[in-house]
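Engineer: Shown below is the structure under consideration.
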Amino acid sequence: MKEPIRVLHVLGGLSLGGAESRIMDLYRCMDREKVQFDFLVHQKAAGERIPEFYDEEVEELGGKIYFLPKFKGYNYFSYRKAVREFFAQHHNFRLVQGHMTSTATIYLPEAGKAGIPIKAAHARSAGVDKGMKGIVTRLLRIPLLGMADYCFACSREAGKSVFGNKWENSPKALVLPNAIDAQRFIYKQEVRDRIRKKTGIEDCFVLGHVGRFHYAKNHEFLLEIFAAVRNGLKEKGKKAALMLLGEGPGMDTAKKKAALLGIEEDVFFMGNRKEVWDYYQAMDYFVFPSRFEGLPGTVVEAQAAGLKCIISDKITPEVGFTELVAYKDIALPAEDWAKQIMNDCLYERKNMCQAVESAGFDVREQARRMESFYLSGKIG
């Protein structure tokens with residue numbers, strides 16, 4: 001039997017993040033007798049990496065995991081050397097797809113020098129971190145449009161943010177929406193009842209959020225919104241709860257904020273959950289006040305679960321493809337967000353799979369498209 005071609009995905013890690021989840025959705029649907037995925041991820045130092053959420057599944061699917069030191073700016077030359085040494089030893093890939101665009105101008109040229117025929121950069125965010133880190137990221141990305149053979153983006157805004165305004169008219173440009181397996185998110189009352197009972201929120205109005213605890217996600221404002229909803233419902237003799245799925249460096253700060261607001265008993269930090277689709281069933285309203293995004297797959301998932309969503313006006317319009325989504329200015333007070341949620345909380349959950357798939361967010365269709373690209377090296 002002919003060996004499958006191998007595609008190397010370059011990422012920060014294999015935790016339960018947005019980019020990682022979308023790549024894994026794609027990987028599961030790929031014909032792995034034809035196309036196999038491998039992963040090059042970053043760790044703090046040799047021997048310090050703790051196994052991450054998707055490690056075991058990657059290996060079960062036939063993928064390999066390789067490691068690079070974490071890029072910190074001051075280690076530019078040692079990082080470049082590590083990249084060069086890696087590709088000198090591992091150059092049997094048909095394509096390198098870089099989702100970590102901050103350092104793609106370092107590792108993609110080295111992949112090319114090693115003889116790897118196709119180099120693609122994939123923009124998954126329409127913003128950068130605050131401060132010096134964000135400035136450095138923008139500077140490192142400047143040559144990327146010229147260096148990569150293909151420049152993918154999850155949305156038009158993400159593409160322009162990462163590759164510059166010339167990207168839209170470039171023959172290298174392609175928008176690849178963050179596709180999901182919508183069938184998994186179909187609303188099921190029995191699943192809702194089970195999760196709510198297990199969590200102890202059976203009689204609560206439940207706000208929900210799924211995302212990494214990171215500056216971009218704006219958890220502190222999310223907690224203020226929940227506090228306002230909680231207070232408003234309390235006046236009516238009703239209970240509220242906030243279900244937060246995800247992990248990340250900002251989790252401790254969020255917990256302190258919840259305590260400061262006096263709402264910690266009603267905020268449920270659920271961590272990472274493999275069957276995340278079950279937890280959408282338990283929610284009543286999805287709240288997503290991000291400072292910036294590429295195209296948030298979690299908002300697509302929430303719609304697939306039939307959830308009403310209130311999301312930041314900083315988020316790309318492509319994600320609001322059903323009437324379930326309302327955009328809101330994040331400059332407005334938390335009380336304004338809370339008022340809109342409470343005025344719009346009575347609705348019937350419906351099967352939204354067809355709407356998700358019709359809008360171009362079907363992972364099976366995207367897998368067919370990407371499989372053809374990986375095998376041919378050409379955008380169809």
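Rule-based calculations on the coordinates, nothing more; no lab input. Note that this is a predicted model, so its numbers are computed, not measured. Methodologically, a virtual Cβ is constructed for each residue, glycine included, from the backbone with ideal geometry; neighbour enumeration extends over all protein chains shown.
Engineer: From largest to smallest, what semi-axes in whole angstrom does region 37-100 give when each is the square root of 5 times an eigenvalue of its alpha carbon gyration tensor?
Structural biologist: 21, 16, 10
Engineer: Under 5 Å between amide H atoms, partner at least 5 residues away or on a different chain: which partners does VAL10 have, H built in plane at 1.01 Å?
Structural biologist: Hits under the 5 Å cutoff: LEU40, GLN97, GLY98, HIS99, MET100.
Engineer: Residue by residue, what Karplus-based ³J(HN,Hα) values in Hz, rounded to whole numbers, does region 200-209 have, using 6.51, -1.76 and 1.60 with θ = phi - 60° and x for Gly and Pro?
Structural biologist: Once rounded to whole Hz, the list reads x, 10, 4, 9, 10, 8, 10, 8, x, 8.
Engineer: Across the Cα atoms of region 182-358, what radius of gyration and what greatest pairwise Cα-Cα distance (Dmax) are found, in Å?
Structural biologist: 14.8, 44
Engineer: Moving on. For region 258-380, max minus min Cα coordinate along each principal axis, in Å, sorted largest first?
Structural biologist: Over region 258-380, Cα extents along the principal axes are 57, 29, 29 Å.
Engineer: Next question. For the chain, what is the charge dipole size about the Cα centre, in debye to the nearest 20, if Lys and Arg each add +1 at the Cβ and Asp and Glu each add -1 at the Cβ?
Structural biologist: That gives the chain a dipole magnitude of about 1000 debye.
Engineer: Here's something else I'd like to know. Where the convex hull is taken over the Cα atoms of region 250-304, what is its projected area averaged over directions, in nm²?
Structural biologist: 4.8
Engineer: Evaluate the charge dipole of region 182-358 about its Cα centre and quote only its size in Debye, nearest 20, assuming +1 on the Cβ of each Lys and Arg and -1 on the Cβ of each Asp and Glu. Walk me through the intermediate numbers first.
Structural biologist: Details: 26 positive and 26 negative charges, 81 e Å.
Rounded to the nearest 20 debye, it is 400 debye.
Engineer: Quick one: Karplus J couplings for region 169-179, per residue in order, coefficients 6.51, -1.76, 1.60, θ = phi - 60°, nearest Hz, x for Gly and Pro?
Structural biologist: 9, 7, x, 7, 7, 8, 8, 10, x, 6, 7
Engineer: Give, rounded to the nearest 20 debye, the magnitude of the charge dipole that region 271-316 has about its Cα centre when Lys and Arg contribute +1 at Cβ and Asp and Glu contribute -1 at Cβ. If you can, show how the numbers build up before the last one.
Structural biologist: On the way: 5 positive and 6 negative charges, 25 e Å.
Dipole of region 271-316, to the nearest 20 debye: 120 debye.
Engineer: Another one. Find the Cα radius of gyration of region 179-260, compare it with 2.2 N^0.38 Å by division, and give the number to two decimals.
Structural biologist: Ratio of Cα Rg to 2.2 N^0.38 Å: 1.23.
Engineer: Which cross-chain or sequence-distant (5 or more) residues have an amide H under 5 Å from the amide H of LYS328, H modelled 1.01 Å from N in plane?
Structural biologist: So LYS328 has HN proximity to ILE311, SER312, ASP313.
Engineer: If the cut-off is a Cα-Cα distance under 18 Å, which lysines reach LYS256, setting aside same-chain residues fewer than 8 apart in sequence?
Structural biologist: Filter leaves LYS217.
Engineer: Another question, then. If you average the C-alpha positions of region 120-134 and of region 299-341 separately, how far apart do those two centres end up, in angstrom?
Structural biologist: Region 120-134 and region 299-341 have Cα centres separated by 23 Å.
Engineer: For ALA240, what residues show an amide H to amide H distance below 5 Å, using hydrogens built from the backbone and excluding near sequence neighbours?
Structural biologist: Sorted by chain and number, the residues that satisfy this are PHE205.
Engineer: Now a separate question. May I ask for the angle, rounded to the nearest 10°, between helix 363-376 and the longest principal axis of the chain, with both axes built from Cα atoms and the value confined to 0 to 90°?
Structural biologist: Long axis of 363-376 versus the principal axis of the chain: about 10 degrees.
Engineer: Among ILE310, ILE50, ILE225, determine the one that fluctuates most according to a GNM of the chain built with springs between C-alpha atoms less than 10 Å apart.
Structural biologist: Of ILE310, ILE50, ILE225, the Gaussian network model singles out ILE50 as fluctuating most.
Engineer: Still on this model: Students often get this wrong, so check it: of LYS72/LYS255; LYS133/LYS308; LYS197/LYS238; LYS198/LYS314, which have C-alpha atoms separated by over 23 Å?
Structural biologist: Cα-Cα > 23 Å for LYS72/LYS255; LYS133/LYS308; LYS198/LYS314; rest within.
Engineer: While we're here: Which of the aspartates and glutamates could be linked to LYS34 by a straight reach, that is with a Cα gap under 13 Å, when you skip same-chain ones fewer than 8 residues away?
Structural biologist: Correct list for LYS34: GLU3, GLU371.
Engineer: What distance in nm lies between label points placed 7 Å from Cα along the C-beta direction at ARG364 and ARG138?
Structural biologist: Here the modelled spin labels are 4.3 nm apart.
Engineer: If you don't mind, there's one more thing I want to ask. Taking the 0 to 90 degree range and rounding to the nearest ten, how far is the long axis of helix 18-29 tilted relative to the main principal axis of the chain, both from C-alpha atoms?
Structural biologist: With both axes taken from Cα atoms, the answer is about 70 degrees.
Engineer: What are the lysines whose alpha-carbon lies under 18 Å from the alpha-carbon of LYS172, with same-chain residues fewer than 8 places away excluded?
Structural biologist: Filter leaves LYS119, LYS160, LYS378.
Engineer: Still on this structure: Quick one: if you stick a label point 7 Å off each Cα along the C-beta vector at ASP329 and LEU346, how many nm between them?
Structural biologist: 2.9
Engineer: Oh, and also: Rg/Rh for the chain to two decimals, with Rh computed the Kirkwood way over all alpha-carbon pairs.
Structural biologist: Taking Rg over the Kirkwood Rh, I get 0.97.
Engineer: To continue, here is another question. Using alpha carbons only, how many degrees (0 to 90, rounded to 10) separate the axis of helix 189-199 from the longest principal axis of the chain?
Structural biologist: Once rounded, the angle reads 80 degrees.
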